[in-house]
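Trainee: Following this message is one structure expressed as structure tokens.
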Amino acid sequence: MATTKYIFVTGGVTSSLGKGIISASLAKLLQARGYSVTIQKLDPYINVDPGTLNPYEHGECYVTEDGAETDLDLGHYERFLNVFTSQANNVTTGRIYQDVINKERHGDFLGKTVQIIPHITDEIKRRIKLLGTGGKFDFVITEIGGTVGDIESLPYVESVRQLRWELKNRCMVIHLTLVPFLAASGELKTKPTQHSVKTLLEAGVQPDVLVLRTEHPLTSDIKNKVANFCNVQKESVVESRDVNTIYEVPIEMQKEKLDEIVLNHFNIEFGAKPDLKPWKTFLNKYKNPKHEVTIALVGKYVELKDAYKSINEAFVHAGAANETKVNINYVHSEEVNESTYVNLLKDADGIIVTPGFGHRGIAGKVLAAQYARENNVPYFGICLGMQIAVIEFAKNVLKLEDPNSLEMDRKCKNPVINLMEEQKMITEKGGTMRLGSYPCKLLKDTHAYDAYQSAKINERHRHRYEFNNIYQEMYSKAGMIATGINPETELVEIVEIPKHKWFVGVQFHPEYKSTVINPHPLFVSFVKATIKE
Ligand code: GLN
């Protein structure tokens, strides 16, 4: 396509309506028609990136190939599109202000008063258009975080208003709202949507398409009413009914012709509906499992499922690949102790110990690793989960005195998990971990090699601590082997216990790279190991 088209997705009425999933679904449909599409998320908070946020705030922090710590919606974009995102795909208010203030300090504004309009909005627009330069993408979908009407979203909505003028017919706005069902009167209510569109109109933005989240089908009357009150074509009022899995949404949006509405808007001719075959094959396997397994996920943020978003989704992909229903039993690591662990873990076909930071819940995680190791239950340790397996092995197999990670105990006698050399001088917290994709070389005849079917892999990282190589020989003699090593730095990236049915700890985060079309090999292999023949 000659010029990039820009699609903005805003949200109204409440948060958590699934703007990210609607954006990803639309992108999927356009991609299936042969267009190149990328999605960007603009977050209205002041943190420069979500890397410093506690997962209780906004869920998991997602990491891209180029090492950006981003909003978890980027995970959806990658899982749906099977295309990498980057630092440019997630921008926060904090980053915008940081850039503008840096320029001001540098003298770039030549004595002008620096203001929200035009300086902040100019920087927002520059960030939006950045993805469209170079002609790499036919469509850039920009999701505006938050809900219209929020004070903090205003500069973004104002930027959209300005871009509509600048880009003219290369631009459109999709507004996602909720049509609640009032049980008492048995009615669907459109008033919140009308108000939300009014709020958008007050900011000078007329939406082109309305996507209405609803628990019940929308009648023609309701669509008419919304179209009338909100100045949109009736055909551009799209129903988005609750479905069982987010992976149904592209199929539903195709039925509602969301992609056709968009292409029509841009006057782009289009042919028959793409058949989405691989996607439907995945859905079919997901919905018709032949086996069922239960995996205990041991973590300290289990009250909030979004804290483990990518892991949960990786199990959906790997489950479908194995035609297996994967039930996740969330076990709070703080509840795992000597008197509870057998009860909490005895029904698990596999145990996964999650990534994490800090001391809370560590003892419970170590017990879970011990239980898995001693009972030959498949074990998958991710990042901190690998470090935990190493600590447990030191304690109960090597019988080292006071083994620990330096993160948990600065003074421990045997720091089997050490602070990485390049981390020793770092004091700033934001964006300073070992982040992004690094290569790893695998040993043959290992679970890792079997899974990847390749000796050279690249995986994404987010950590400060590492396996302490001083102990490597001691470990391998006792039966825990380093099966994946970074070829440049010699850092241990994977440990395995070959005698065990399936015991793998990885220093990286495989969950970030699992997609519907490419389920992650380690997750697929782990789920396979948990199936009882
Ligand atoms: N806290 C550990 C480290 O920094 C593990 C990090 C993680 O699990 N992502 O090394």
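Trainee: Divide the volume of the convex hull of the Cα atoms of segment 338-405 by its number of residues and quote the answer in cubic angstrom per residue.
Mentor: Residue-normalised Cα hull volume stands at 84 Å³.
Trainee: For the chain, restrict the atom set to alpha-carbon positions and state the Rg and Dmax in Å.
Mentor: Just the Cα atoms of the chain yield Rg and Dmax of 24.8, 75 Å.
Trainee: Separate question: Over all directions, what mean area does the Cα convex hull of segment 133-192 project, stated in square nanometres?
Mentor: Numbers: hull surface 25.2 nm².
That works out to 6.3 nm², a quarter of the Cα hull's surface.
Trainee: Give the residue list of trypsin sites (Lys or Arg not before Pro) in segment 206-300 that are DSSP loop and have at most 11 other beta-carbon atoms within 10 angstrom.
Mentor: Sites meeting the loop and neighbour criteria: 290.
Trainee: For an R0 of 25 angstrom, estimate the FRET efficiency from the Cβ-Cβ distance between residue 233 and residue 273 and round to the nearest 0.05.
Mentor: After rounding to 0.05, the efficiency reads 0.80.
Trainee: Another question about this same structure. I need the trypsin sites (Lys or Arg not before Pro) found in segment 333-372, filtered to DSSP loop residues with at most 16 other beta carbons within 10 Å of theirs.
Mentor: 346, 360
Trainee: Run the helix sum for the chain: -39,500 (n - 2.57) per DSSP H stretch of 4+ residues, divided by residue count, reported at 222 nm to the nearest 500 deg cm²/dmol.
Mentor: -10000 deg cm²/dmol
Trainee: Which entries of 41/125; 501/532; 189/223; 5/273; 346/513; 255/277 show an alpha-carbon separation above 18 angstrom in the structure shown?
Mentor: Long pairs (Cα-Cα over 18 Å): 5/273; 346/513.
Trainee: Let me ask something else. If one puts a single equal scatterer on every Cα of segment 175-326 and applies the Debye formula without solvent, what log₁₀ I(q)/I(0) results at q = 0.13 Å⁻¹?
Mentor: Log10 I(q)/I(0), no solvent term: -0.81.
Trainee: Given labels modelled 7 Å from the Cα in the Cβ direction, how far is it in nm from residue 347 to residue 187?
Mentor: 4.4
Trainee: At 0.36 nm per residue, minus the direct Cα-Cα distance, what do residue 445 and residue 290 gain on full extension? Give it in nm, one decimal, please.
Mentor: Full extension of this stretch gives 52.9 nm more.
Trainee: Averaged per residue, what accessible area in Å² does the chain show with a 1.4 Å probe, protein chains only?
Mentor: 43
Trainee: Could you tell me which trypsin sites (Lys or Arg not before Pro) in segment 368-460 are loop residues by DSSP with no more than 11 other beta carbons within 10 angstrom of their beta carbon? Don't jump to the answer; show the numbers that get you there.
Mentor: Numbers: sites: 373, 395, 399, 410, 411, 413, 424, 429, 434, 441, 444, 456, 460; in loops: 399, 410, 411, 413, 424, 429, 444.
Here the trypsin sites (Lys or Arg not before Pro) that fit, given the DSSP loop and packing criteria, are 399, 410, 411, 413, 424, 429, 444.
Trainee: Another question, if that's okay. Taking the Cβ of residue 135 as the centre, find all other residues whose Cβ is under 15 Å away and add up their charges (Lys, Arg: +1; Asp, Glu: -1).
Mentor: Numbers: positive: 5, 129, 136, 170; negative: 138.
Summing Lys/Arg as +1 and Asp/Glu as -1 gives +3.
Trainee: Straight-line reach only, C-alpha to C-alpha below 24 angstrom: list the lysines that residue 413 could link to, leaving out same-chain residues fewer than 8 apart.
Mentor: Candidates past the 8-residue exclusion: 365, 395, 399, 424, 477.
Trainee: Another question, if that's okay. What does the charge dipole of the chain about its Cα centre add up to, to the nearest 20 debye, if the Cβ of each Lys and Arg holds +1 and the Cβ of each Asp and Glu holds -1?
Mentor: Approximately 740 debye in magnitude.
Trainee: Run the 1.4 Å probe and let me know the accessible area of residue 119, rounded to the nearest 10 Å².
Mentor: Looks like 30 Å² after rounding.
Trainee: With everything on Cα atoms, drop me the angle between helix 93-106 and the longest principal axis of the chain, reported from 0 to 90° to the nearest 10.
Mentor: Tilt of helix 93-106: around 80 degrees.
Trainee: List the residues, sorted by chain then number, that are 5 or more residues from residue 68 or on another chain and whose placed amide H is less than 5 Å from its amide H.
Mentor: Long-range HN contacts for residue 68: 87.
Trainee: Viscosity 1.306 mPa s, temperature 10 °C: give me the Stokes-Einstein translational D for segment 1-146 in µm²/s, with Rh taken as the Kirkwood radius over C-alpha pairs.
Mentor: Estimated via Stokes-Einstein, D reaches 99 µm²/s.
Trainee: Could you give the length gained on full extension between residue 165 and residue 410, defined as 0.36 nm per residue of separation minus the Cα-Cα distance, in nm?
Mentor: Separation in residues times 0.36 nm, less the Cα-Cα distance, equals 82.4 nm.
Trainee: Can you compute the charge dipole magnitude of segment 440-533 about its Cα centre, using +1 on each Lys and Arg Cβ and -1 on each Asp and Glu Cβ, nothing else charged? Give it in debye, rounded to the nearest 20.
Mentor: On the way: 12 positive and 11 negative charges, 43 e Å.
Charge dipole, segment 440-533, about its Cα centre: 200 debye, nearest 20.
Trainee: Given the whole protein assembly as supplied and a 1.4 Å probe, what does the accessible area of residue 187 come to in Å², nearest 10?
Mentor: The accessible area comes out at roughly 80 Å².
Trainee: How large a share of the accessible area of the chain, in percent, is made up of carbon and sulfur atoms when the probe is 1.4 Å and the other protein chains stay in place?
Mentor: 50
Trainee: Among 219, 229, 245, which residue has its Cα positioned farthest towards the positive end of the charge dipole of segment 206-260, with +1 placed on the Cβ of Lys and Arg, -1 on the Cβ of Asp and Glu, and the dipole taken about the Cα centre?
Mentor: 229
Trainee: A further question follows. For the Cα atoms of the chain, what angle does the longest principal axis make with the long axis of helix 220-230, in degrees from 0 to 90, nearest 10?
Mentor: Result, in degrees: 70.
Trainee: Could you state the angle between the C-alpha long axis of helix 121-130 and the longest principal axis of the C-alpha atoms of the chain, as a value from 0 to 90 degrees rounded to the nearest 10?
Mentor: The helix 121-130 is inclined about 70 degrees to the chain.
Trainee: Mind putting a number on the dipole of segment 19-161 about its Cα centre? Charges go on the C-beta only, +1 for Lys and Arg and -1 for Asp and Glu, and I need it in Debye to the nearest 20.
Mentor: 580
Trainee: Using heavy-atom solvent-accessible surface (probe 1.4 Å) with all chains present, what is the largest-first order of 38, 219, 427, 199?
Mentor: 427, 219, 199, 38
Trainee: On alpha carbon coordinates alone, what is the Rg over Rh value for segment 413-467, Rh being the Kirkwood radius?
Mentor: That ratio is 1.09, to two decimals.
Trainee: Right, another one. Mind grabbing the accessible area of residue 470 for me, 1.4 Å probe, Å², rounded to tens?
Mentor: The accessible area of residue 470 comes to roughly 140 Å².
Trainee: Could you give the length gained by full extension between residue 375 and residue 420, i.e. 0.36 nm per residue of separation minus their alpha carbon distance, to one decimal place?
Mentor: Here the segment from residue 375 to residue 420 would lengthen by 13.0 nm.
Trainee: Here's a follow-up. What number, in percent, do you get for the relative contact order of the chain if the mean sequence gap of Cα pairs under 8 Å and at least 6 apart is divided by its residue count?
Mentor: Over the chain, the number comes to 15 percent.
Trainee: Using a 1.4 angstrom probe on the protein heavy atoms only, could you order 182, 283 from most to least accessible area?
Mentor: Descending accessible area places them as 182, 283.
The values are calculated or read from the model by the stated rules, or taken from the named source; none is laboratory data. Nothing here was measured: the structure is a model prediction, and the numbers come from that model. Reconstructed Cβ throughout: ideal geometry from the backbone, glycine too, with neighbour counts over all protein chains shown. SASA here: full protein model, heavy atoms, side chains in, ligands and nucleic acids out. Shrake-Rupley method; radii C 1.70, N 1.55, O 1.52, S 1.80 Å.
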